[in-house]
Structures are given as C-alpha cells and as structure tokens.
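Read through the structure below, which is laid out as structure tokens, and then see the notes.
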Amino acid sequence: MGGAQSREGVLDSSDSESEDNFSTPNGKPIKSKNAEDLTASLQDLNLNNNNGIGSSNANDKGPRVKLYRHIGGNTPKSQWVVSDNLVVIRFVRERDQDEDKDDDDDDVSEEEEEEEEEGEASKKGIGGWMLTVGSKVRARMDDRLQIKMFDDQLRVDFVSKGVWAVKFLNREDYRNFVVESQNCIFENRYLMAATEANKVKVFGKDFMGWANPEQADDSVWEDAEDDVQMPSSHVVNDLKEQTEETGGTGGIQSLAMGAGSHSFLVGESGVEAVKNLYNGIQGKGSVVKFKLGELRSGGSGSTSFSTPKKALLMRAETNMLLMSPAMEGKPYSTGVHQLDIESGKVVTEWKFEKDGTSITMRDVANNNKGAQLDASESTFLGLDDNRLCRWDMRVKYGNVQDIDSPVLNWTEGHQFSRGTNFQCFATTGDGCVVVGSADGKIRLYGTRSMRMAKTAFPGLGSPVTHVDVTYDGKWVLGTTDTYLILVSTVFTDKDGKNKTGFTGRMGNKIAAPRLLKLTPLDSHNAGNSKFHGGQFSWVTESGKQERHLVASVGNFTVIWNFRQVKNSNHECYKSQEGLKSCYCYNIVPKDDSVVDSRFMHEKYAVTDNPEAPLVVATPKKVSSFSIASGR
C-alpha cells in the first residue's frame with residue numbers, strides 16, 4: 001500500500017557490465033570488481049553520436065544506452081538486472097523496421113521518402129513511429145508504453161512485454177530522446193507531424209497550453225496552493241482495512257453508494273443492502289432477488305434476464321433505477337426498471353421514447369450531486385452517443401399512462417446531428433453537466449441549455465470513459481485507459497470576475513491539465529489493465545473541498561491526495577517536460593479484479609479523520625478502509 005516512488009529504485013551509471021549484475025530489492029546496484037566508467041570509454045571510442053533519435057538509417061547508428069529489465073514483479077525478490085550494456089536506441093518507421101529485417105531499402109517510393117522527411121505518418125503505406133532498443137525492444141510509440149522520465153538519472157522507464165529502463169550516457173542524448181518521444185507519440189496519435197501549425201489544428205489557439213504547457217496560464221494551480229497549506233495530520237500515510245464482507249448477490253457487478261443508512265451491491269442475481277457505518281460498510285444480509293423475466297433486456301416481449309450495469313438511487317434513496325443493456329455486450333438500454341427498495345419489488349419498467357419513437361441511452365445520472373437525497377425528485381439525466389436530455393417520471397399533462405408500458409417524458413435536451421460520441425457524464429452541486437467523449441473531448445454544459453457547451457476541452461488522444469466533477473464545479477476528473485486527467489475550469493473574465501467554464505466561455509485563459517499515472521512497474525503489475533471509474537471523494541455541501549481522488553485498475557485501487565496533485569511545487573513535477581504527471585499515490589491491492597472504488601459520503605467522516613472511509617468492491621467481496629493520517 002506504499003507510495004509509488006519507493007518501489008522504483010535507482011540505476012547507477014557505474015554498475016557492472018555483466019548480465020549477472022543484479023540490483024537489490026530497493027534498487028541499489030551491487031558493483032562488480034570489474035566495473036568501468038562507460039561514459040568515458042564510449043567517448044574515447046567516439047561511439048556516442050547524436051544521429052539516431054528520429055533516424056531510420058543503419059542499425060549501428062544512434063545514441064548508446066544501457067538497458068535494464070525488471071524481474072520479480074511485486075515480490076520481495078523484485079530487482080533490476082542489466083539486460084544489455086551497450087545498445088542503440090532509435091525511433092524508426094514501422095515499415096522501415098520491417099524492411100531493415102529484409103535488408104531491402106529499395107521499395108520505398110520517392111513520395112514516401114518525402115513524407116518521411118516531413119515527418120508525416122500518412123495512411124499511404126508509411127507506418128507509425130516505433131521505439132527500438134537493441135534487439136530486445138520494439139514497441140509502438142503511444143500511451144501504452146507508460147513512459148516515465150527520470151531527469152536526475154538520465155533514465156527512462158517504460159512497459160513493453162515487461163518493464164524496461166534505459167540509462168543515457170549524457171544529457172544531450174537524453175534531452176533529444178525526451179523531445180523526440182513526445183513528437184513521435186503526437187504523430188502516431190494524430191497522423192500529422194508535431195509542428196506548431198498542426199498543434200493549432202488539433203488543439204485550437206485557445207488550448208495551445210495543452211500542446212505546449214510552458215505557454216499555459218498556470219496561475220490557477222498557483223492559486224490552488226492556498227488549499228495545500230494544511231496540517232501534516234492530513235497527509236495520507238497508509239490505509240487500514242476495517243471490514244470485509246462477502247457479497248450475497250452471486251457476483252458483485254456495481255456499487256451504489258448511499259448517503260443515508262445504506263449502500264447497495266448490485267449483483268448477478270439481485271441487490272444487497274449493506275449498512276453505512278463510520279468505519280465503513282457492514283453486511284446486512286438483506287437481498288432483493290431478481291426473478292426470471294423481472295428485468296427484461298430488449299423490450300416487454302422478452303423474458304431473458306440481464307444483470308443491471310447501472311444503479312441510480314433516487315427519492316431520498318427509497319427508490320433505485322436499474323439500467324440493463326438492450327443486448328449483452330452492448331452499452332445501450334431501451335429503458336430502466338424502478339425498484340422500490342422498501343418493498344423490494346420492481347414497480348415500473350420505464351421506456352425511453354422521443355416523439356413516439358423508441359430510443360436508447362447508454363448512461364443515466366442524477367440532476368445534481370445531492371439529488372438522490374431529495375424525496376421529491378422525479379427527474380434524471382440521460383446520455384447516449386449523440387443525445388443529452390432530462391427524463392421525467394411524472395404523469396404528462398395530467399393523463400394517466402398505461403401502466404403496462406409507461407413512457408418517460410423527454411422534458412428537455414438535444415439530439416446532436418453530428419457524431420459527438422458521448423461516453424459518460426456527471427453533474428455538479430448546482431446541476432451543471434460535464435460530458436466525456438470517445439474522441440477525448442470534455443464538454444461543459446450550464447444549467448440553462450443542453451444544446452451548446454459553454455466550454456469544450458480538446459482530447460489528448462485517448463477516449464474518456466468516465467468523468468467526475470467537484471461539487472463546486474471547479475475541477476473535472478476524466479478517466480482514460482492509461483491515465484486520469486485533472487482539468488481546472490476556473491478562469492477570470494474580462495471584468496476581472498472569477499468564473500468556471502460551465503458559466504462562461506474561457507477563451508485562451510486556460511490552464512494546462514495535470515495527468516495522474518501509474519509508474520511503469522505498477523502498470524505492469526496491474527496486468528496492463530485499464531483505468532476505470534475515476535472519482536473525487538464525495539462532497540454534497542457548498543464550501544467543502546474534496547480531499548482525494550480514487551480509481552480502479554486491474555486488482556488495484558489507486559488513491560491520490562487531491563491537494564498534493566494541485567501543488568505546483570510537488571516533487572513529481574520537478575524537471576518534467578510537457579504536461580505534468582503525478583506518480584505519488586497509495587495502492588490497495590486485492591486478490592480479485594476491482595469492480596469499483598468509492599469514498600463514502602462526507603457525513604461518515606469521523607472527527608479525527610476528515611475523510612470518510614473508502615469502499616472497494618470486487619466480484620466476490622466488498623471491503624472498507626479508513627485513511628490513516630501521519631503526524
């Protein structure tokens with residue numbers, strides 16, 4: 001459960017050239033009696049040239065690096081071993097690499113050579129940029145490499161069928177690699193060279209700080225440092241497991257956190273109620289079993305059972321909306337089932353229709369952060385690929401609906417003509433909406449209109465699969481497969497007033513985002529699994545600030561200190577190039593894949609610990625953890 005930095009170790013440039021030279025588990029090398037100064041030797045041999053970065057010429061040209069491989073996984077015997085003492089590191093075209101293997105360089109047309117000189121990764125036959133290190137590493141340049149730079153060690157770690165580290169022999173080669181690696185990833189991602197003109201095409205003039213963070217207005221992060229000044233007792237040191245309960249629903253599929261007396265585990269055969277306590281949740285033994293045909297997938301004529309993939313609490317948490325996909329394996333649903341929690345019965349099957357035509361939804365959400373506590377609330381939000389709308393369960397025009405096939409009322413919203421590719425959404429305390437898309441864009445909608453976003457943050461190349469937002473709407477957290485992105489929505493308008501991107505157009509006064517990542521070692525130990533469900537801790541009261549961020553990946557729950565992430569002077573950000581990435585986190589490992597990780601409602605925080613317990617659900621069990629604070 002320790003911090004990520006402590007597990008990475010240190011690579012020493014003076015360690016042995018022997019394959020049998022191992023590092024100790026803490027990363028410090030064991031020196032051989034025959035150790036030599038590689039840098040001095042290479043300079044004498046004149047091998048240390050700078051022609052290889054971005055080049056696809058002969059295999060013997062390029063900077064030399066020392067290549068390490070990590071073995072032992074997450075065990076006490078884990079260690080770094082020297083894989084190769086002196087190998088060439090290069091960026092090459094995928095097609096070029098294939099041709100190198102055949103010793104045939106004559107098949108590339110003049111047109112392709114010109115495109116290569118311009119750095120264009122076109123679709124006409126030239127492959128994307130690949131990273132090669134000697135004969136042991138060949139990988140496409142993209143986010144899946146989980147590249148991490150160590151400026152003080154002239155070292156780069158990454159994942160490619162294992163965890164690797166390369167150590168450069170001088171700063172110039174290292175600096176060239178840092179710049180060119182970012183250019184290669186940009187080109188592979190957007191199929192155009194990483195020129196300033198192309199960056200404007202991708203991000204727009206207002207968001208050039210996302211492409212060139214050194215040009216961004218970082219005053220918002222500096223202002224956030226005021227929140228960082230806190231007693232040391234608020235710094236997370238460890239997590240202590242309080243309770244663990246076995247799910248009684250035949251395999252936990254999702255977690256519905258309640259702010260009242262109960263939370264709920266949705267499983268393959270029913271919904272299980274658990275008690276909310278100040279030290280976490282505790283099994284109650286009360287399970288609502290689904291009957292065959294009670295939850296139908298594909299319309300009222302079907303009797304097939306479908307496990308709900310989304311549970312939404314409503315009406316002071318006395319009712320729950322259960323949404324199942326219309327077809328297994330697809331994220332779309334044609335309606336929702338309304339479960340009365342007190343009676344344990346499905347009282348209504350609501351259908352999604354607009355203008356008399358059946359439509360689908362891929363997600364539903366409460367109107368605002370605290371809406372599930374409102375006993376009178378009868379509306380909720382719906383999202384589909386190209387739709388954002390509000391549904392009303394109340395009787396339309398005073399007419400009694402057919403109880404056998406009640407239809408939800410589309411009260412407001414918009415059906416977009418173009419492919420917006422919406423994936424997920426969330427709401428603020430006052431009902432503003434943030435939407436994440438498959439193209440990576442994050443859109444902010446105010447409370448007055450769902451037709452046009454007030455602000456649209458550009459994507460960074462990865463689809464946004466989940467979003468959350470703070471109660472005050474000042475911070476948005478987007479989840480992608482390989483990282484989390486933290487975005488500030490705060491800006492100052494022309495009149496000097498502080499606003500958020502939900503209420504006004506931000507223009508070019510936009511801070512560069514921060515990325516939250518796993519180290520290459522932890523990413524590999526997590527089975528290179530995808531992040532999902534990134535969340536802020538749960539606040540439903542104005543003036544209170546969320547304290548932590550949590551996400552799930554593989555068998556891990558990962559927790560970041562929100563205040564630490566916002567601190568511009570944080571150790572992680574020193575000497576970083578490009579967008580700042582935070583690697584300081586705590587990990588909760590489980591024996592099974594993690595279904596969901598959520599903090600309980602703020603009211604369950606105890607006086608000596610300002611954070612409510614963390615709840616982690618796997619298919620078989622649900623556990624509660626309290627955050628231990630150091631002094």
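Odds and ends about this structure:
- Scanning the stretch 342-352 for residues that are modelled with pLDDT of 90 or more and either more than 34 Å from the chain's Cα centre (by Cα) or open to solvent by 40 Å² or more (accessible area, probe 1.4 Å) (or both) returns a single hit, LYS351.
- Among residues of the stretch 568-583, those that are farther than 15 Å from ALA512 by Cβ and open to solvent by 30 Å² or more (accessible area, probe 1.4 Å), counted: 4
- The stretch 602-622: number of residues that are surrounded by fewer than 17 Cβ atoms within 10 Å (Cβ to Cβ) and either assigned to a helix (DSSP H, G or I) or touching a Phe, Trp or Tyr at 6+ places or on another chain (Cβ under 6 Å) (or both): 2
- Out of ASP60, ASP105, ASP100, ASP96, one residue alone is modelled with pLDDT under 70 and touching a helix residue (DSSP H, G or I) at 6+ places or on another chain (Cβ under 7 Å). It is ASP105.
- Selected residue (criterion: nearest to ALA211 (Cα to Cα)) from residues of the stretch 562-601 that are outside any loop (DSSP other than H, G, I, E, B) and of a type in the set (D, E, K, R): LYS580
- The numbered conditions (1) crowded, with 21+ Cβ neighbours inside 10 Å; (2) modelled with pLDDT under 90 are all true for GLU241 except (1).
- Residue ID - nearest to TRP475 (Cα to Cα), chosen from residues in the stretch 345-395 that are assigned to a loop (DSSP other than H, G, I, E, B) and among the basic types (Lys, Arg): LYS369
- Contacts under 8 angstrom Cβ, first residue in the stretch 382-394 being polar (S, T, N, Q), partner part of a strand (DSSP E or B) and open to solvent by 20 Å² or more (accessible area, probe 1.4 Å), 6 or more apart: ASN386/GLN415
- The set of residues from the stretch 363-377 being closer than 18 Å to LEU322 by Cβ and of a type outside the set (D, E, K, R) comprises VAL364, ALA365, ASN366, ALA371, GLN372.
Here is a yes/no grid of residues against (1) modelled with pLDDT under 90; (2) charged (D, E, K, R); (3) under 22 Å from GLU317 (Cα atoms):
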site: LYS354; (1), (2), (3): yes, yes, no
site: MET361; (1), (2), (3): no, no, no
site: GLN372; (1), (2), (3): no, no, yes
site: ALA375; (1), (2), (3): no, no, yes
site: HIS414; (1), (2), (3): yes, no, no
site: VAL434; (1), (2), (3): no, no, no
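- A search for C-beta distances below 6 Å between a residue of the stretch 570-587 that is more than 20 Å from LEU239 (Cβ to Cβ) and any residue that is in a helix (DSSP H, G or I) and of a type in the set (Phe, Trp, Tyr), counting only pairs 6+ apart in sequence or on different chains, returns LYS580/TYR573.
- Filtered residues of the stretch 143-157 (kept if in a loop (DSSP other than H, G, I, E, B) and either open to solvent by 30 Å² or more (accessible area, probe 1.4 Å) or of a type outside the set (S, T, N, Q) (or both)): ILE147, LEU154
The values are calculated or read from the model by the stated rules, or taken from the named source; none is laboratory data. The structure displayed is predicted, hence computed values, not measured ones. Glycine gets a Cβ as well: all are built from the backbone with ideal geometry, and neighbour counts include every protein chain shown. Protein only, heavy atoms only, side chains kept; ligands, DNA and RNA dropped before computing areas. Shrake-Rupley method; radii C 1.70, N 1.55, O 1.52, S 1.80 Å.
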